[in-house]
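Please treat every number below as a calculation from the coordinates, not as lab data. The structure presented is a predicted model; accordingly, all values stated were derived computationally and were not measured. In this analysis, Cβ positions are derived from the backbone assuming ideal geometry, glycine residues included, and neighbour counts consider all displayed protein chains.
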Amino acid sequence: MGGAGRAGGPLAGVRHGGDPRAFGVMPGAVLDFSANLNPLGTPPAVRAAVAQADLSAYPEPYSRTLARAIAARLDVPPEAVAVGAGATELIHLCARTMPGPTVAFSVPTFSEYRPACEAAGLRLVAVSDDLAALRGPGAFLCNPNNPTARLWPPDAIGEILPDCGLLVVDESLIDFVDDPDGASLARASARTRGLVVLRSLTKWYAMPGLRAGYAVAHPDLVRLWDRCRDPWSVGAAAQAGALAALSPATADYDRATRAWIGPARQALYDGLRRIPGLSPWPPAANFVLVHGPVPAAALRQRLLRRHGILIRGPEGFEGLGADCFRVAVRSPAENARLLAALAAELP
């Protein structure tokens, strides 16, 4: 599939999804396919918990209560869980505690690994989309990968683990795959010194404004992190919202999302394949990467101006060609609107 050339330097135009303000429009004013969030919106139980959070006191240091709730859900020891202000804070912690001077990561992938490693004084080695190339002192692996939505099976990752000083597997999007429990290495990472698994609550529960994520790692590494980070990085509202998200109050929300994601993802992928000139990557998560016949920046502007639709361009994804774009999986009606707009704008 085409589109292998770079859209710019390693940090040129780094821009995350979900920021319509970067294009002169306010959030909510467009149909946003640039951020791969659950289209069901933030669960009511989370909103209620945030509204009731006590903002007059300091939040619980290190989010210990939330860590215990996460540990109970995953069936791992609480001391193997570190809660952070989204997965991004934990990516930076991992970079600061890498065992060697070099860190490998495959491209294209999530843009935050490079600045985190550069801030930690590490030398980065960008490799092809090949697990074997990640062997070495340290590595980041996004699984399922962002933006390609490729999912590596646990057995394949386990084969390279003995040859890695520290392998950080970013599972921020694992909840959207068909079998998240079977695909995850979170339980294994609690007892494995050379493995860290990162998870996020942001995407599944559509709560990016609260910034809550967690890592599962050997307790010795979690204790090391606790000695070198802000104990209050996760605020009271975020802790309350995350606890509500993990509670039985969101059971119906979880079931509704699980019922929606598979059929909606397949229908969007099939619809993209039917549009002449588009070549979508087979997706495992809640978004699809597409190689198109025109520069993605120009297509984005036309979709935004004429249809009120925002897509994610290649900016910030090192190694991704300028004619590639990413779209989130949204509701069937919203996906149909996107497909109609793309068909109208492409030659």
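Helix 86-96 axis versus longest C-alpha principal axis of the chain: approximately 60°, rounded to the nearest ten. In the chain, helical runs assigned H by DSSP with n ≥ 4 each contribute -39500 (n - 2.57); averaged across all residues and rounded to the nearest 500, the mean residue ellipticity at 222 nm is -10000 deg cm²/dmol. Any idea what angle helix 296-307 forms with the longest principal axis of the chain, computed on alpha-carbon atoms, 0 to 90 degrees, nearest 10? Once rounded, one gets 70 degrees.
Shape analysis of region 184-325 places it in the prolate category; the axes a ≥ b ≥ c from the Cα gyration tensor give an a/c of at least 1.5, with a/b above b/c. For region 54-203, the relative contact order works out to 21 percent when only alpha carbon pairs closer than 8 Å and six or more residues apart are counted. Around the amide H of G136, modelled in the peptide plane, lie the amide H atoms of C164, G165, all under 5 Å away and 5 or more residues distant in sequence or on another chain. Nearest 5 percent is fine: what portion of the DSSP beta bridges confined to the chain is antiparallel? The antiparallel fraction comes to roughly 45 percent.
Say R0 is 25 Å: what FRET efficiency, to the nearest 0.05, do D270 and E159 get from their beta-carbon distance?
0.15
Residues with beta-carbon under 11 Å from that of T257, excluding T257: net charge, scoring Lys, Arg +1 and Asp, Glu -1? Once positives and negatives cancel, what remains is 0.
Under 5 Å between amide hydrogens, built in the peptide plane, is the criterion, and for V127 it picks out F105, S106, V107 among residues at least 5 positions away or on other chains.
Cα gyration tensor of region 44-246, axes a ≥ b ≥ c as square roots of the eigenvalues: rounded (a/c below 1.5), prolate (a/b > b/c) or oblate? If you can, show how the numbers build up before the last one.
Working: a/c = 1.77, a/b = 1.54, b/c = 1.15.
Verdict is prolate for region 44-246.
Summary of packing: across the peptides 216-226, 337-347, 77-87, the per-residue average of other C-beta atoms within 10 Å ranks them, highest first, as 77-87, 216-226, 337-347. Positive-end ranking of N143, P208, P162 along the dipole of the chain, with charges on Cβ about the Cα centre, is headed by P208.
For Y113, the shell of other residues with beta-carbons less than 10 Å away shows a net charge of -3, using +1 for Lys and Arg and -1 for Asp and Glu. Computed about its Cα centre, the charge dipole of region 86-190 is approximately 480 debye, with only Lys, Arg, Asp and Glu carrying charge at their Cβ. Applied to region 141-158, the Karplus parametrisation 6.51 cos²θ - 1.76 cosθ + 1.60 on θ = phi - 60° returns per-residue 3J(HN,Hα) values of 10, 8, 9, x, 6, 10, x, 7, 6, 7, 10, 8, x, x, 4, 5, 5, x Hz, with x for Gly and Pro.
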